[in-house]
Amino acid sequence: MRGTVRWAGAVLTACALLAGCSDDEPDAASDDSPGRDASMPIADHCAKVQRTDATATVTVLTGGGMRLPAADFVSESPTGTVLVLLHQTGMLGLCGWATFAPQAAAAGLSSVAIDMCGYAAAQCDEGEATPPEDQVALAVAHAREDLGAQTVVLVGASMGGSQTVVAVAHGVDVDAWVDVSGPAVWEGTTLLDVAPDVRARGLPGLVAHAPDDDAQQYAAAQALAPAAGAEFLDGQSDHGWFLLNDHQGTLRPDGQAVIDFVSSIQAG
């Protein structure tokens, strides 16, 4: 997964210059009921791993033994569709969406990007073993109740792409989904094995993968799309976030294709 490796290397370099990348957050009492903590600008939340001039507010969604930082990228001209964004592996967590999410917002698509369990500043009783659908459920509830979403589309990159497919297969309350460069197997789950459950839900879906991003993974993504009842986007090159944006942050044609796909979705 070359895109992920390059990005991680850049982050490690930045961390070295900043003398460490601690994800420590202020202590707070445990709360099993859904809720959220006080907010901060995304620039402050992401300061230890990358600089960003994105406009977004980060709160902490709580419930079910989870405390998930969530960044709201709110469009100035909202269409009623909100993306829930699941990130790649590595230190960046939700901060890795700080380029694509504003570009989606410019097209009328607000977003909620979360730090997933086991990564960045998320705190979860079950750690990485927390089911992705439980994590997504917190973000979906926030999107619908606080951002007024009429349509919610789950979008994941790399690890987040695989977790997107699993969450949809397990019945998470979304209206459509996008898997960008998701590995064919994640944490012991083979996506093709759960594809019939995804297809049975009848939701619009999109699987995007580039041919230069591992031939076997590319072939698996090509097979996953029809098995899950989804469209297949034959990506140009690279992996995950970098399929959507180039390394300077410019929106790529594949990123525009994802925005166009999401913009075409209306809740049934």
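What residue among Asp197, Asp125, Asp238 shows peak mean-square fluctuation when the chain is described by a Gaussian network model with Cα springs under 10 Å?
Of Asp197, Asp125, Asp238, the most mobile in the Gaussian network model is Asp125.
Between the stretch 206-266 and the stretch 34-89, what is the separation of their alpha carbon centroids in Å?
The two parts, judged by their Cα centres, are 23 Å apart.
So what's the back-of-envelope 222 nm ellipticity for the chain, counting only DSSP H runs of four-plus at -39500 (n - 2.57) apiece and dividing by all residues, rounded to 500?
-10000 deg cm²/dmol
Taking the structure as given and computing P(r) over Cα pairs in 5 Å bins from 0, in percent, which label from (1) 1, 6, 14, 19, 21, 18, 12, 6, 2, 0; (2) 1, 6, 13, 16, 18, 17, 14, 10, 4, 1, 0; (3) 1, 5, 11, 14, 15, 14, 11, 8, 6, 5, 4, 2, 2, 1, 0, 0 fits?
Among (1) 1, 6, 14, 19, 21, 18, 12, 6, 2, 0; (2) 1, 6, 13, 16, 18, 17, 14, 10, 4, 1, 0; (3) 1, 5, 11, 14, 15, 14, 11, 8, 6, 5, 4, 2, 2, 1, 0, 0, the one derived from this structure is (1).
Which whole-Hz couplings ³J(HN,Hα) result when phi for each residue of the stretch 94-106 is put into the Karplus expression 6.51 cos²θ - 1.76 cosθ + 1.60, θ = phi - 60°, listed in order with x for Gly and Pro?
Listing the rounded values in order: 4, 4, x, 8, 5, 9, 5, 4, x, 5, 5, 4, 5 Hz.
In Å³ and rounded to a whole number, note down the convex hull volume per residue for the Cα atoms of the stretch 165-268.
97
Multiply the residue separation of Val185 and Met40 by 0.36 nm, subtract the distance between their alpha-carbon atoms, and state the gained length in nm to one decimal. Write down the numbers at each step before the final one.
Numbers: separation 145, 0.36 × 145 = 52.20 nm, distance 3.53 nm.
The Val185-Met40 span can extend by a further 48.7 nm.
I need the phi-derived Karplus couplings for the stretch 220-235: 6.51 cos²θ - 1.76 cosθ + 1.60, θ = phi - 60°, integer Hz, Gly and Pro marked x.
5, 5, 4, 6, 5, 3, x, 5, 9, x, 10, 7, 10, 9, 7, x
No lab work stands behind these numbers, since they all come straight from the coordinates. Note that this is a predicted model, so its numbers are computed, not measured.
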